[in-house]
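These notes concern the structure reproduced below.
The values are calculated or read from the model by the stated rules, or taken from the named source; none is laboratory data. Keep in mind it's a predicted model, so treat the numbers as computed, not measured. Methodologically, a virtual Cβ is constructed for each residue, glycine included, from the backbone with ideal geometry; neighbour enumeration extends over all protein chains shown. Heavy atoms of the whole protein, side chains included, go into the accessibility calculation; ligands, DNA and RNA do not. Shrake-Rupley method; radii C 1.70, N 1.55, O 1.52, S 1.80 Å.
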Amino acid sequence: MVFVECFYWWFTVFVRFCVCVDDWIRMSGEERFRIVRSIGEECIQEDELLNLLMKKPEPICYDGFEPSGRMHIAQGVMKTINVNKLTSAGCKVKIWIADWFAQLNNKMGGDLKKIQTVGRYLIEIWKAAGMDLNGVEFLWSSEEINKRAHEYWPIVMDIARRNKLPRVMRCVQIMGRSEQEELTAAQILYPCMQCADIFFLKADICQLGMDQRKVNVLAREYCDDIKRKNKPIILSHHMLPGLKQGQEKMSKSDPSSSIFMEDTEADVNSKIKGAYCPPKIVEGNPCLEYIKYIVFPWFNEFQVERSTGNGGDKTFKSFEELVADYEEEKLHPADLKPALAKALNKILQVIAFIEFLLMAWETLRSSWCCLGFEHLIPVRDHFKNDANAQDLLKRVKGYRVTR
């Protein structure tokens, strides 16, 4: 009898322990899902993402870029914020430096040495911007494909074999091209290669911009063709528009449309002053998008300094609060623009560096989702004081950006 009672007691304790562990795992998975999902404007599919994060301690996230010129603030700051969120949620981020792809797409006139110089320059900026490199692996496409050509090219060939030319042509948007353009054979091969990258890198999550959506969907369709159950999850982040009216995205070939990571304070002030920012209009307003996707994630607030006659200083704690004031014309572009320029300059120069370190420490103490400010080096100072970074910037500025 005593044995039965003891067994029952221990069994009850064990069951309760399992329930507690299960709850802890579920909460942990749900918290990870909240952090990772916050990056994407669109997720295909959310249930798959939650299941992945509940079951896999270190999912592989794939991100990639063509080294094609100077880095604008969306590529520098937004990517840093997004990557740090992913690593804080336990993800391993593989950043694919697509040098061969840039050559295929005729960037830097197809000069591979120049493309690789640009790639090294971009890595230097992410180091300075505070990207948590502990959970990040930079991989050069030319090196990795050459090392494992026997794995890579059969995937590319199979994807090409299974898809008609019109389906591949629908993906050329990923290169900044349109189906109506006269494309080279290399540019037609490009989507099949980018689709293959996802499987070659063993990616669980494709964390790219909305402009890359079509090739990521192609990868999921390919999984259906080959009867593969585990499809790559698509997590597409928002694309910041250019600063001029009607520009859907920033353009490296039009320097006035973007804030670049090493722009001077005067450059930033001038560009924001000339930016499209109609009173009371939120939709299609690039200044408000900068505030939503860069300033608020970085500072968790937006500070406006203005005269008493214009309403006095105000600190907005949420984007929704700011939008309400802007639509009611309680906040005017003449006050918003200088505040935005000041916030962007703070990010680039890090005037209050100690303040940010303290903020990072407080974030780290209160939450495991730290944006990584503890790694921060002032971006402008990095390119001013580091000889290697300075040389890279000088060379990249001298290159002509080509389409």
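Scanning segment 115-142 for residues that are open to solvent by 60 Å² or more (accessible area, probe 1.4 Å) and either touching a helix residue (DSSP H, G or I) at 6+ places or on another chain (Cβ under 9 Å) or in contact (Cβ under 8 Å) with a residue 60 or more places away in the chain (or both) yields a total of 4.
On inspection, residue 267 does not qualify as open to solvent by 20 Å² or more (accessible area, probe 1.4 Å), closer than 22 Å to residue 171 by Cβ and not in a loop (DSSP other than H, G, I, E, B). Looking only at residues of segment 82-129 that are assigned to a helix (DSSP H, G or I) and of a type in the set (D, E, K, R), we find that the one that is nearest to residue 33 (Cα to Cα) is 85. Can you say whether residue 174 is closer than 18 Å to residue 212 by Cα and touching an Asp or Glu at 6+ places or on another chain (Cβ under 7 Å), as far as the supplied structure shows? For residue 174, the condition - closer than 18 Å to residue 212 by Cα and touching an Asp or Glu at 6+ places or on another chain (Cβ under 7 Å) - is met.
The helices (runs of 4 or more DSSP H) falling completely within segment 152-239 that include 2 or more residues that are of a type outside the set (A, V, I, L, M, F, W, C) and over 13 Å from residue 101 (Cβ atoms) map to 165-169, 213-225. Has segment 240-261 got any residue that is part of a helix (DSSP H, G or I), open to solvent by 10 Å² or more (accessible area, probe 1.4 Å) and on the phi < 0 side of the Ramachandran plot? Scanning segment 240-261, I find at least one residue that is part of a helix (DSSP H, G or I), open to solvent by 10 Å² or more (accessible area, probe 1.4 Å) and on the phi < 0 side of the Ramachandran plot, so the answer is yes. Number of residues in segment 48-71 that are within 24 Å of residue 268 (Cβ to Cβ) and open to solvent by 30 Å² or more (accessible area, probe 1.4 Å) equals 1. Anything in segment 49-62 that is charged (D, E, K, R) and out of contact with any Lys or Arg (no Cβ under 7 Å at 6 or more places or on another chain)? List them, or say none. 55, 56 - these are the residues of segment 49-62 that are charged (D, E, K, R) and out of contact with any Lys or Arg (no Cβ under 7 Å at 6 or more places or on another chain). A search for C-beta distances below 8 Å between a residue of segment 223-246 that is closer than 30 Å to residue 157 by Cα and in contact (Cβ under 8 Å) with a residue 24 or more places away in the chain and any residue that is open to solvent by 10 Å² or more (accessible area, probe 1.4 Å) and of a type in the set (S, T, N, Q), counting only pairs 6+ apart in sequence or on different chains, returns 233/45; 236/212; 237/82.
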